[in-house]
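The values are calculated or read from the model by the stated rules, or taken from the named source; none is laboratory data. Remember, predicted model here, so these are calculated numbers, not experimental data. Every residue, glycine as well, gets a Cβ built from its backbone with ideal geometry; the counts of neighbours run over all protein chains shown. When the accessible area is computed, the model is the full protein with side chains, heavy atoms only, and any ligands, DNA or RNA have been set aside. Shrake-Rupley method; radii C 1.70, N 1.55, O 1.52, S 1.80 Å.
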Amino acid sequence: MPNQPISKQETLVFNKQQLELIDIMNLLLRFIVFCVDPLGLGRRFFVRPAVNLTLNVYDRFRSKADEKVDTLRELVLRLGLIAFAVVLIIWLAVFIYAAFYYVYMPPISHTRPVHMQFKTCLETSTPCTFPHAHVSLTKKQQLLMVGQAYKVIVNIDMPESPQNLELGMFMVCAEMRDYESMLRGHSCRSAMLRYRSPLIRLISTWALSPLYVMGWKEEFQKVPVEIFSRYLEERQHPITDVYVEIQSQKIQFYTVTLHIEADFTGLRYIMFNWPVLSAIVAISTNLFFILVVFLLSWYHWSDASWLHNLQIKYAKFTHKLQSQASSVILSSTNSLRDEDDADDDDDNIDNFDEHELQLEKFDIANVGDNVDDLKLRRRQSDKPETLRQRKLKH
């Protein structure tokens with residue numbers, strides 16, 4: 001039969017029955033305990049102390065476990081922070097050396113192909129002009145590093161043909177021009193094929209004939225011509241174009257290349273020829289100085305007394321400024337009050353003088369008045385004088 005859904009009333013009845021069963025079990029348990037220990041002496045002297053002892057042992061064990069967990073967590077956190085600081089310091093030292101190497105060290109060489117051009121003679125089908133070419137180094141403002149010496153070399157691959165062997169010496173010239181086509185350097189150098197006697201040439205040909213037959217080797221010589229031995233780049237006039245010319249109409253060649261090589265000296269020479277040693281020394285030096293700065297910063301920031309002293313000095317300085325400002329304000333207010341009092345005294349004196357003059361005129365006009373009236377007037381005229389004296393005293 002399929003399971004029928006249980007109604008809400010049936011669930012309430014079931015829960016009520018379970019509660020009644022639990023109450024009955026509690027009553028039975030209490031009755032058994034009462035029968036075993038009716039006076040409660042076993043519970044008082046054996047059960048409760050055992051339970052308390054068990055709880056105390058459990059609490060101690062739990063507290064020790066929590067302390068161990070906290071100490072282990074703190075140890076792991078400290079080790080993680082130390083590892084992070086070490087990795088960060090090493091990475092920073094390596095990054096500083098890499099950035100310095102990238103900025104300080106120029107590229108070792110620049111190679112450009114040289115495509116020679118010449119005019120042929122119609123009668124003989126031979127070159128009527130010297131082979132020449134224009135080489136564009138860069139479209140930017142600057143390719144070479146300022147202050148670095150460079151070697152400018154023209155490499156010519158010449159076959160060991162009878163015409164080249166009879167050619168002898170020839171001249172190779174080059175001009176260095178900037179982006180405004182201004183001439184910044186001109187030089188010419190002589191060159192020729194390396195001499196080999198007919199016997200040596202015959203022996204080498206017989207010895208290397210399998211390579212010549214297989215096409216793995218060719219009979220030619222690479223003639224390097226050093227046009228400039230130490231060319232220095234100028235900041236205001238960087239080189240962008242090179243013009244090459246071979247002053248010979250009978251020369252035969254396969255390819256011509258322009259090779260610009262940096263001539264390192266001093267620290268750059270050491271960094272280029274011994275890169276591993278220079279990297280180890282530089283990174284170790286960076287690590288030393290970074291650790292010194294880190295330790296000094298740690299010691300400085302761990303002791304907060306300097307910050308407290310700085311706060312005290314700042315409070316003293318602000319209090320001094322406030323006292324000076326208040327004294328200046330008080331002195332200015334006192335000076336203003338004195339000026340006001342002086343102006344009031346001058347006004348009172350002027351009024352008193354005018355009043356005396358009026359009284360004198362009145363006395364002269366009324367000479368025939370009674371003596372009592374004159375005394376009364378004198379008394380009235382004496383009142384401003386007393387006020388004036390009091391103000392002058394103050």
* Restricting region 130-173 to residues that are among the hydrophobic types (A, V, I, L, M, F, W, C) and part of a loop (DSSP other than H, G, I, E, B), which is farthest from the chain's Cα centre (by Cα)? -> M169
* Out of region 185-224, which residues are surrounded by 15 or more Cβ atoms within 10 Å (Cβ to Cβ), under 14 Å from V244 (Cα atoms) and not small (G, A, S)? -> R189
* Structure fact -> Those residues of region 149-164 which are farther than 12 Å from M192 by Cα and open to solvent by less than 10 Å² (accessible area, probe 1.4 Å) amount to A149, Y150, V152, V154
* Structure fact -> The residue from L277, L267, L258 that alone is among the aliphatic types (A, V, I, L, M), within 24 Å of Q142 (Cα to Cα) and open to solvent by 80 Å² or more (accessible area, probe 1.4 Å) is L267
* To do: Looking for whichever is outside any loop (DSSP other than H, G, I, E, B), closer than 30 Å to Y102 by Cβ and either among the charged types (D, E, K, R) or at pLDDT below 85 (or both) here; the options are L287, L258, L307, L296. Which one fits?
  => L296
* Filter result for R177 (surrounded by 11 or more Cβ atoms within 10 Å (Cβ to Cβ) and either outside any helix (DSSP H, G or I) or small (G, A, S) (or both)) -> yes
* To do: Scan region 225-251 for residues that are farther than 15 Å from G147 by Cα and exposed (fewer than 14 other Cβ atoms within 10 Å of the Cβ) and jot them down.
  => K250
* Take region 181-198 and flag every residue that is more than 30 Å from H237 (Cβ to Cβ) and in a loop (DSSP other than H, G, I, E, B). => M192, L193, R194, Y195, R196, S197
* To do: Run P106 past the list (1) open to solvent by 30 Å² or more (accessible area, probe 1.4 Å); (2) under 20 Å from E226 (Cβ atoms); (3) assigned to a loop (DSSP other than H, G, I, E, B) and report the number of the one that doesn't hold.
  => (1)
* To do: Return yes or no: is L81 at pLDDT below 85 and either among the basic types (K, R) or in a loop (DSSP other than H, G, I, E, B) (or both)?
  => no
* Asked: Looking at region 199-240, which of its residues are part of a strand (DSSP E or B), acidic (D, E) and either out of contact with any strand residue (DSSP E or B) (no Cβ under 7 Å at 6 or more places or on another chain) or modelled with pLDDT of 90 or more (or both)?
  -> E226
* **Hits in region 119-139 - residues which are surrounded by fewer than 16 Cβ atoms within 10 Å (Cβ to Cβ) and touching a residue at least 40 places away in the same chain (Cβ under 8 Å)** => T126, C128, T129, H132, H134, S136, T138, K139
